[in-house]
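Trainee: One structure, pasted below without further comment.
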Amino acid sequence: MRRFVSKVAYLFIFAALAITLPGCGDKERKLPRYSLKPIPLFDLSRSYSNQKWRNNLKYLYQPLPKPLKDAKIVVNKRRHTLYLFSGNTLMRIYPINLGPDPLNDKIKAGDGRTPEGKYFICNKNSKSKYYKSLGISYPSKEDAQRGLKMGFITKKQYDAIVYAIDHGKRPPWFTKLGGAVCIHGGGIGWDWTRGCIALRNPDVQELFEVTKVGTPVIIINGLPQKIKRQKRTTTLITTANSERKRMSLD
């Protein structure tokens, strides 16, 4: 009887986590004072999002169709900016905040980083603790492959991630790679999240209305590709060496 009660208790806890995590699983820091600072002037002569511009700024302040046709989100971490496209046409520019380590690629749970790569919106939560949230399909297959090589996940966990991505589903968020990385509200002011992408509430409201599950999300560092590769290699080597040292001490 006691064993049965214990199983029921575990199932209840797991169900509670499953309900709460899609909003933004990581426990965030103190929210910034809510602000509606004006968006800074945008220089189209520089391709901050690594996209080819098809238009001027004429669409930025026009109402958006719901849903937005061929929507695509591009996040430039270095610029602290989120770009919303309809095809190759720039529709919106939103200021964002990230986590305490905003420029490095996410490697594992708790590192305070925002992942880099190609993802998609894998769920939408209208009752998030941070107003509203759009879940990002992290970890991707590339993240899972790296995590498997570094010993953070098992082959079974890797297969589960790959299966979810191939079928357009939310990948497992309970491994050592971390998860529940979301685009959510709460306001901007400083890099206050644990790796999520924070926007002003009206901005995330607009995103929530015009995008759907499956919308592509591209997250870049903003560095030139050569410098980025060098920095990424150095970070991975340092992390791998630290992990091997920790395992040898254990």
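The values are calculated or read from the model by the stated rules, or taken from the named source; none is laboratory data. Small disclaimer: the values here were computed from a predicted structure and weren't measured. Backbone-built Cβ (ideal geometry, glycine too); neighbour counts: all protein chains shown.
Trainee: Can you tell me which residues in the range 166-197 are closer than 17 Å to GLY214 by Cα and surrounded by fewer than 21 Cβ atoms within 10 Å (Cβ to Cβ)?
Mentor: ASP166, HIS167, GLY168, LYS169, ARG170, PRO172 - these are the residues of the range 166-197 that are closer than 17 Å to GLY214 by Cα and surrounded by fewer than 21 Cβ atoms within 10 Å (Cβ to Cβ).
Trainee: Continuing with the same structure: For LYS118, all conditions in the list (1) in a strand (DSSP E or B); (2) among the charged types (D, E, K, R); (3) more than 11 Å from the chain's Cα centre (by Cα) hold save one; what is the number of the exception?
Mentor: (3)
Trainee: Moving to a separate point now. Are there any pairs, at least 6 apart or on different chains, whose C-beta atoms fall under 8 Å, with the first in the range 166-193 and touching a residue at least 12 places away in the same chain (Cβ under 8 Å) and basic (Lys, Arg) and the second surrounded by 15 or more Cβ atoms within 10 Å (Cβ to Cβ) and in a loop (DSSP other than H, G, I, E, B), and if so, which?
Mentor: Within 8 Å, the pairs are ARG170/SER137; LYS176/LYS108; LYS176/ALA109; LYS176/PHE152; LYS176/ILE153.
Trainee: Within the range 216-239, is there a residue that is under 28 Å from LYS129 (Cβ atoms), crowded, with 21+ Cβ neighbours inside 10 Å, modelled with pLDDT of 60 or more and among the hydrophobic types (A, V, I, L, M, F, W, C)?
Mentor: yes
Trainee: Here is a check on your reading of the model: is SER49 within 23 Å of the chain's Cα centre (by Cα), modelled with pLDDT under 95 and either of a type in the set (Asp, Glu) or surrounded by 19 or more Cβ atoms within 10 Å (Cβ to Cβ) (or both)?
Mentor: Values: within 23 Å of the chain's Cα centre (by Cα): yes; modelled with pLDDT under 95: yes; either of a type in the set (Asp, Glu) or surrounded by 19 or more Cβ atoms within 10 Å (Cβ to Cβ) (or both): yes.
Taking the combined requirement at face value, the residue satisfies it.
For every residue, the table says whether it meets (1) over 21 Å from LEU207 (Cβ atoms); (2) part of a strand (DSSP E or B).
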site	(1), (2)
ASP111	yes, no
THR114	no, no
LYS124	no, yes
GLY135	no, yes
ARG170	no, no
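Trainee: Checking ALA144 against (1) out of contact with any helix residue (DSSP H, G or I) (no Cβ under 9 Å at 6 or more places or on another chain); (2) over 27 Å from ASN88 (Cα atoms): exactly one of these is not met. Which one?
Mentor: (1)
Trainee: Let me ask you something else. Looking only at the range 66-88, filter to residues that are part of a loop (DSSP other than H, G, I, E, B) and out of contact with any helix residue (DSSP H, G or I) (no Cβ under 7 Å at 6 or more places or on another chain); which one of those is modelled with the lowest pLDDT?
Mentor: Applying the first criterion (part of a loop (DSSP other than H, G, I, E, B)) to the range 66-88 yields 66-70, 77-80, 87-88.
Checking the rest, the ones that are also out of contact with any helix residue (DSSP H, G or I) (no Cβ under 7 Å at 6 or more places or on another chain) come to 69-70, 77-80, 87-88.
Working: LYS69: 94, ASP70: 94, LYS77: 94, ARG78: 92, ARG79: 90, HIS80: 93, GLY87: 90, ASN88: 85.
My answer is ASN88.
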